[in-house]
Amino acid sequence: MSTPAPDVDLVQLLTPAGELREHPEYSPRIAHLDAGDLRGMYRDMVLVRAFDNEATSLQRQGELGLWAQSLGQEAAQIGSGRALAPQDYVFPSYREHGVAHTRGVDLPDILKLFRGVDHGGWDSDALRFHLYTLVIGSHTLHATGYAMGVQRDGLVGTGDPARDTAVVTYFGDGATSQGDVSEALVFAAVANAPLVLFCQNNQWAISEPTSRQSRVPLARRGDGFGVPGVRVDGNDVLASYAVMSEALERARSGGGPTLVEAFTYRMGAHTTSDDPTRYRTSAEDEYWRQRDPIDRLRAYLTSIGELGDDFVAALDAESAELGRRVRTTVRAMGAPSATTMFDHVYATPHATLDAERAWFAEYEASFEPTEQAQALDRADERPTVGEVAL
Amino acid sequence: MSQHTEQQVAQPAGRPAAPPLATPPATGVQRLTLSRAINAGLRRALETDPKVLLMGEDIGALGGVFRVTDGLQKDFGSDRVVDTPLAESGIVGTAIGLAMRGYRPVCEIQFDGFIFPAFDQITTQLAKIHYRSRGRLTLPVVIRVPYGGGIGAIEHHSESPEVLFAHTPGLRVITPATPADAFVMIQQAVASPDPVLFFEPKGRYWDKGDVDLGITATADDVASMDRARVARAGTDVTVAAYGASVATALRAAEAAAADGVSVEVVDLRSVSPLDAETLVASVRRTGRCVVVHEAPVFYGTGGEIAARVTEECFFHLQAPVLRVGGFHTPYPVNKIEHDYLPGVDRVLDAVDRAMSF
């Protein structure tokens, strides 16, 4: 069973039972959050889970080719995502639906990729949330380079909170074994880039436990690169927010990169093509179900009398409405025209591609019926049985 | 393309202004080696666009292992001529991020055989992000690769992997054969909004030629970097070549002329896209085609050209299209590399075979 390794501190501000816990370094970072902010986090997590469940259903109904669930990782994603400033830029992997939500991605847009109508799905520059990257770990280098660009633009350490900019890359425990992630740590460290490397250790890379990726806690992976690391309870939305806030502040102020290991759990399958019953136990599932990120914030808000029935009822209705909208939107996502496959391969004309595009158009046109053929078709039409008077 | 004029270069926000250049930009025609011509082209790109950055291993104080970037860090600073960690995937991966932030990185891969750690970033990311984003994101990244053999190097230092990239949609693959082209084409590669693999024929780095330094390539004129050029006119057989093989083809043409065979040499200049128009026009005139490149013949550029020429020139052909190039072996030890490389004699042998049909 995958449980927290004992040899590294876990930052936790909210216990699994929903009790607030003091932490000398991190509690001050959530002191400004009021009950309304916490309800906002709760709402985000509930909506993202509703979306995630709806997407899983749509895959089962044949509406999506594949779906990668974020189930169980809502606190790590909403907590860290809500700590971002508008000017910060995020490079996600492909399971960051919660972070996408905090960046303003309209959730159904994520499903374009999984339905097979678009390789991307949103305006990444406008939302400052890059497209999903499916090749594990590749985008951590893009984030590093982007952060090096931010440095060159003079947007680090100015002291102006509206200008200082951090870059964040999200990846998983499996990705830490990729050379690109190590290279990102090297480049970011050497450049002192304004980067946060946010690793969601959800304990499983498809069927392989984190013990197949590392002999040391992942939070320590940065040590040899000179990148400080911290392990946070990724099922604790408040701790995720606090730890991310600190790392972002370090990046924006010129303090360099930080590696955050958010210790969480992939409650669902890797994707809808996976079968976790082949490699993990129901006891493990149960252990983590007791640590559900939504349950613990609900328990806390309830205990302080800040989760009113009206709010809960309105959120239930909003979740149901989101589910309906997701279904309707996805079912309306039609295939693009075949000729769009030739679009945007290059930004400027490419003779070889252009010749193929022209050939394809001609080939397609050859199937369009000529006027003569249409006339023959009409002549061929005979009354059907139903139309013949009996 | 515009004639170069001195201009004030806008500085990125928040950066101190660069010190004035020690010497004004060179103009006029000068006789330069191919490597110096690339250096001059890079210098011009750095002067013209403050977003241009050079990145690579040992490109700063050392000036690169071939000195192609000699003196540039001194004049443009270590933020614009960046000595990177020794990791090719990291170089290309961070260049992608810099390009997304609005920069125009020019990456140097030290040797052809060292590009493979970056192969994933180049083929799965650099080549596809414009497509993935439906054109919203452009990645004006140039990857400079010294390539090819004939310099007595050890393993992994003499390869010709251009076809691997030409086979990848989303990339442009160009290679100059002369100093004049090198100077202009590197500027065009930098100005292009598309990712460009810029293959430098390292065996010709020390070849000299006249270079018109008055030319500054702009974004409005990158199309000509795709076009082939007739390097020598002839009537009996077309020899298509690129990079280091162009000079070989020209020497072969000279020798063939002595035997009364008129060889037309087409310098392709671009491997992707392929300027089929120029090539087909030539073969329709001559009726014969020989393709020369250092890369292995099997599944190579020559095969692609043979197919296209056969489709487009079938009734003009007097002989099958013949290919001269590397064998289906790893690049051999340098003591026998001249038996592997397509030299003048092997080109002439192919010309003779084409003429004998």
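Of all residue pairs spaced 6 or more apart or on separate chains, none has beta-carbon atoms under 8 Å together with a first member in the range A:107-123 that is within 11 Å of A:Gly65 (Cβ to Cβ) and among the polar types (S, T, N, Q) and a second member that is assigned to a loop (DSSP other than H, G, I, E, B) and modelled with pLDDT of 95 or more. Within the range B:328-339, the residues that satisfy the criterion of being assigned to a loop (DSSP other than H, G, I, E, B) and surrounded by 14 or more Cβ atoms within 10 Å (Cβ to Cβ) are B:Tyr331, B:Pro332. Whenever a residue of the range B:78-103 is under 15 Å from A:Asp153 (Cα atoms) and at the interface with chain A (Cβ under 7 Å from one of its Cβ atoms), its partners that are among the hydroxyl-bearing types (Ser, Thr, Tyr) and part of a helix (DSSP H, G or I), lying with C-beta atoms within less than 8 angstrom and at least six residues away or across chains, give the pairs B:Gly97/A:Thr144; B:Gly97/A:Tyr146; B:Leu98/A:Tyr146; B:Met100/A:Tyr146; B:Arg101/A:Tyr146. For the residues A:Val167, A:Val196, A:Val190, the requirement of being at the interface with chain B (Cβ under 9 Å from one of its Cβ atoms), within 18 Å of A:Ser253 (Cα to Cα) and buried (at least 24 other Cβ atoms within 10 Å of the Cβ) singles out A:Val167. The residue that is surrounded by the fewest Cβ atoms within 10 Å (Cβ to Cβ), counting only those in the range B:120-174 that are out of contact with any helix residue (DSSP H, G or I) (no Cβ under 8 Å at 6 or more places or on another chain) and of a type in the set (D, E, K, R), is B:Arg134. Screening A:Val243, A:Val260, A:Val312 for residues that are over 30 Å from A:Ala193 (Cα atoms), out of contact with any Pro (no Cβ under 7 Å at 6 or more places or on another chain) and of a type in the set (Val, Ile, Thr) leaves exactly one candidate, A:Val312. Once the range B:78-131 is narrowed to residues that are touching a His at 6+ places or on another chain (Cβ under 8 Å) and among the hydroxyl-bearing types (Ser, Thr, Tyr), the residue that is farthest from A:Tyr89 (Cα to Cα) is B:Tyr131. Every condition in (1) at pLDDT below 95; (2) within 14 Å of chain A (Cβ to nearest Cβ); (3) in contact with a His (Cβ under 9 Å, 6 or more places away or on another chain) is met by B:Ile215 except one, and the failing one is (2).
For the range A:332-345, state whether one or more residues are within 14 Å of another protein chain (Cβ to nearest Cβ), assigned to a loop (DSSP other than H, G, I, E, B) and in contact with a helix residue (DSSP H, G or I) (Cβ under 6 Å, 6 or more places away or on another chain). The answer is yes; a qualifying residue exists.
Looking only at strands (runs of 3 or more DSSP E) that fall completely inside the range B:121-239, which ones have 3 or more residues that are in the same structural domain as B:Ala40 (by TED's automatic domain parsing) and touching a Pro at 6+ places or on another chain (Cβ under 7 Å)? The qualifying strands (runs of 3 or more DSSP E) are B:208-212. The residue of the range B:220-250 that is modelled with the lowest pLDDT, among those that are within 14 Å of chain A (Cβ to nearest Cβ) and in contact with a helix residue (DSSP H, G or I) (Cβ under 6 Å, 6 or more places away or on another chain), is B:Val222.
The values are calculated or read from the model by the stated rules, or taken from the named source; none is laboratory data. Predicted, not measured: the structure shown is a model, and the values here were computed from it. Counting neighbours? That spans all protein chains shown, and the Cβs are built from the backbone with ideal geometry, glycine included.
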